[in-house]
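Peer 1: First the structure, then my questions, so here it is.
The values are calculated or read from the model by the stated rules, or taken from the named source; none is laboratory data. It should be emphasised that the depicted structure is a prediction, and the values quoted were computed from it without experimental measurement. So basically every Cβ, Gly included, is an ideal-geometry build from the backbone, and we count neighbours across all protein chains shown. These area figures cover heavy atoms from the full protein model, side chains too; ligands, DNA and RNA do not enter into them. Shrake-Rupley method; radii C 1.70, N 1.55, O 1.52, S 1.80 Å.
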Amino acid sequence: MATTLEAPGWLEPERLEDVRGRVPMVYVEAVPVRVDHLGRVTRVGFLLRPQADGTLSREVVSGRVMLGETVREALWRHLTKDLGPDADPQLPPTAAPFTVAEYFPDADRGALHDPRQHAVALCYVVPIDGEAAPSQDALEFAWLTPGEVADPAVAAELSPGHAVLVRRALAHCGIAA
């Protein structure tokens, strides 16, 4: 099996840094949810991850789309990598996102900021039917109610971009947060 750096469509760190400085990067972001029998969101899932500055923040599933990979393949790869093989994500039947988010390296350009790059993210709400567990660098995975997500103390635990994204996702699902 090829390592990540040997896998087709993956860039070495130096080349990635160069590309990030020249063109927008394409990402997928998935807001994991539990839904009831009527399709109403009852829980929103978050990973707890350490940040470069030593703090911890809650995040949704996010990652780059690799060269030659479809959006659906990228969603599946990131969901199963971050939530474990037993998560059983139910990908949407179409590749249409609920929103497109743009992250800019300049914090003054908007609410979504990524100091590394200009990134364009296709964003999805994805029901999870199985058992999600943290993997990779995540320390914890937790399900919160939409009401808990709206609590200012919980919102403060979210990375700034993901706080905006989750509010948009809940609004898309008909929930005021």
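Peer 1: If you scan region 67-76, which residues turn out to be under 15 Å from the mean Cα position of the chain (by Cα) and either buried (at least 21 other Cβ atoms within 10 Å of the Cβ) or closer than 21 Å to V23 by Cα (or both)?
Peer 2: Across region 67-76, the qualifying residues are V71, A74, L75.
So that you can scan it fast, the table gives a plain yes or no per residue for (1) under 23 Å from S135 (Cα atoms); (2) open to solvent by less than 60 Å² (accessible area, probe 1.4 Å):
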| position | (1), (2) |
| --- | --- |
| E17 | no, no |
| R22 | no, no |
| V28 | yes, yes |
| V31 | yes, yes |
| L47 | yes, yes |
| T55 | yes, no |
| H78 | yes, yes |
| V100 | no, no |
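Peer 1: Now a separate question. Where the second residue is open to solvent by 70 Å² or more (accessible area, probe 1.4 Å) and the first is under 13 Å from V125 (Cβ atoms) and lies in region 68-96, which pairs have Cβ atoms under 8 Å and are six or more apart or on separate chains?
Peer 2: Note: pairs meeting the criteria are P89/W76; P89/D129; Q90/D129; L91/R72; L91/W76.
Peer 1: Kindly list, by first and then second residue, each pair from a residue in region 155-177 that is closer than 21 Å to Y27 by Cβ to a residue that is of a type in the set (D, E) and at pLDDT 85 or above, limited to pairs with Cβ atoms under 6 Å and residues at least 6 apart or on different chains.
Peer 2: Here the result reads S159/E59; H162/E59, each pair linking region 155-177 to a residue that is of a type in the set (D, E) and at pLDDT 85 or above.
Peer 1: Please go through region 115-158 and pick out each residue that is open to solvent by 20 Å² or more (accessible area, probe 1.4 Å), more than 22 Å from T42 (Cβ to Cβ) and not in a helix (DSSP H, G or I).
Peer 2: If the condition is that a residue be open to solvent by 20 Å² or more (accessible area, probe 1.4 Å), more than 22 Å from T42 (Cβ to Cβ) and not in a helix (DSSP H, G or I), then P115, R116, H118, V120, L122, S135, Q136, D137, L139 are the ones that fit.
Peer 1: What's the number of the only condition in (1) over 17 Å from H162 (Cα atoms); (2) in contact with a strand residue (DSSP E or B) (Cβ under 9 Å, 6 or more places away or on another chain); (3) at pLDDT 85 or above that L16 fails to meet?
Peer 2: Result: L16 fails condition (3) only.
For (1) of a type in the set (G, A, S); (2) over 20 Å from V71 (Cβ atoms); (3) under 14 Å from the mean Cα position of the chain (by Cα), each residue gets a yes or a no:
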residue: P92; (1), (2), (3): no, no, no
residue: V100; (1), (2), (3): no, no, yes
residue: A111; (1), (2), (3): yes, yes, no
residue: A119; (1), (2), (3): yes, no, yes
residue: C123; (1), (2), (3): no, no, yes
residue: T145; (1), (2), (3): no, yes, no
residue: R168; (1), (2), (3): no, no, yes
residue: H172; (1), (2), (3): no, no, no
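Peer 1: Could you say which residue among Q117, Q90, Q51 is touching a Gly at 6+ places or on another chain (Cβ under 8 Å) and not small (G, A, S)?
Peer 2: Q117
Peer 1: Considering region 109-138 alone, what residues qualify as being over 16 Å from S62 (Cβ atoms) and modelled with pLDDT of 85 or more?
Peer 2: R109, P127, D129, G130, E131, A133
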